[in-house]
Amino acid sequence: MAAGAAVGIELGKAQVAVTILAMDGTVHAQKVTSTLPEVSLQRRLGIALGSVHTFIASDVLNPGSVLGIGLGVAGRHPTSRPDGDSGSVDPPGVKLDRLGRLLPAPIIWDNNTRMAALRYLGSSGPESPNACVLYVVLSSGVSAGIIEGGQVFRGRGAAGELGHICIDPIGHVCSCGAKGCLEAYIGVEAAVQCARGKGLAVEDLKALADLVQSGDAVALAVSRQIGRSLGIGLSSAVMLIDPLRIILTGPLLSLGPALVSAASEELRFRRRAVNLEVPDIVAEVGSPFDSSHGAALSALQRWGDTFLGGPTSHS
Ligand SMILES: [Zn+2]
């Protein structure tokens with residue numbers, strides 16, 4: 001391709017995705033490959049490099065035109081620097097030298113959820129494009145990205161671990177070992193356990209979602225209970241950062257609108273109790289390319305000439 005491009009790569013838990021963006025931010029090419037959870041990060045990178053190779057061999061991508069590479073990596077990465085500038089440090093568990101040889105361009109990396117949040121920059125509408133948005137992925141864990149002023153908020157590098165916000169200090173034991181974490185109540189496995197505890201013989205989330213869809217009263221009660229727990233967790237986050245909008249995505253949304261409305265109700269109750277504005281909650285189906293797309297946007301934001309219609313500074 002001609003005028004330059006940004007490459008975004010996601011090394012996710014269940015998939016590897018690549019997005020190539022043109023300079024104006026439009027999608028030029030994308031490819032996703034499903035992977036098993038036991039596949040190592042290094043092997044995942046190998047899969048991504050295979051996709052990039054294919055794009056190069058078919059003249060979809062000219063390595064010399066790449067301005068920058070964004071990489072979203074599953075897992076917690078406390079070594080990522082607060083400004084998102086990962087410099088020459090590799091993410092834990094993966095060496096990026098082969099990527100650097102294939103595409104001679106600077107690399108920025110971060111957690112894959114924070115990269116995916118960037119995909120939703122400007123989603124708060126044309127009147128408030130820089131407003132604070134909380135992006136939440138509801139999956140086996142619960143992760144979040146906070147965007148404001150066109151940037152992802154990182155704290156010391158790990159902001160957004162919403163799944164380990166405590167909603168009950170004497171409650172269920174979380175995978176982290178602590179008691180009462182949000183994801184011990186609303187993670188996919190926790191949701192299935194909750195349904196079994198109420199007598200539903202469900203094998204997995206899909207089976208529970210099918211019951212919800214069929215209008216089963218117990219399954220709907222499970223969906224609402226999980227929604228209320230989500231609303232409690234969200235209200236803690238909202239008290240702290242006061243976003244204009246919350247974007248929810250991830251497999252747990254298959255439990256239907258009852259989950260989202262119960263979460264909204266809980267959040268509304270808690271915000272009104274203290275006379276504060278209630279953010280919109282938007283449920284997004286999302287795309288397997290959200291994180292790789294956001295990662296490519298992150299590279300464009302850093303090294304491109306224009307981003308979302310406005311100039312950015314070079315570094
Ligand atoms: Zn935990």
Computed magnitude of the charge dipole of the chain (debye, nearest 20; Cβ of K, R +1, Cβ of D, E -1): 480
Sequence of MET115, MET23, MET239 once ranked by neighbouring C-beta atoms within 10 Å, starting from the fewest: MET239, MET23, MET115
Order of SER254, SER298 - criterion: other Cβ atoms within 10 Å of each residue's Cβ, fewest first: SER254, SER298
Neighbour net charge for ALA201 - beta-carbon separation under 13 angstrom, K R +1, D E -1: -2
Bridge type composition, the chain - antiparallel percent by DSSP, nearest 5: 55
Net charge over other residues, Cβ less than 11 angstrom from the Cβ of LEU182 (K, R count +1; D, E count -1): -3
Extreme residue, positive dipole direction of the chain, given options SER123, CYS174, THR33 (C-beta unit charges): CYS174
Residue-averaged 222 nm ellipticity for the chain, from DSSP H runs of 4+ at -39500 (n - 2.57), nearest 500: -11000 deg cm²/dmol
Relative packing of peptides 162-170, 62-70 - highest average C-beta neighbours within 10 Å first: 62-70, 162-170
Of all DSSP beta bridges in the range 124-283, antiparallel share, percent nearest 5: 55
TRP109, TRP303 arranged by Cβ crowding within 10 Å, fewest neighbours leading: TRP303, TRP109
Candidate aspartates and glutamates - alpha carbon under 17 Å from LYS179, same-chain residues fewer than 8 apart omitted: GLU161, ASP168, GLU189
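Values in this text are rule-based calculations from the coordinates and carry no lab data. Just so we're clear, the structure is a prediction, and the values are computed from it rather than from any experiment. Neighbour counts are summed over all protein chains in view; Cβ atoms, including those assigned to glycine, are modelled from backbone coordinates with ideal geometry.
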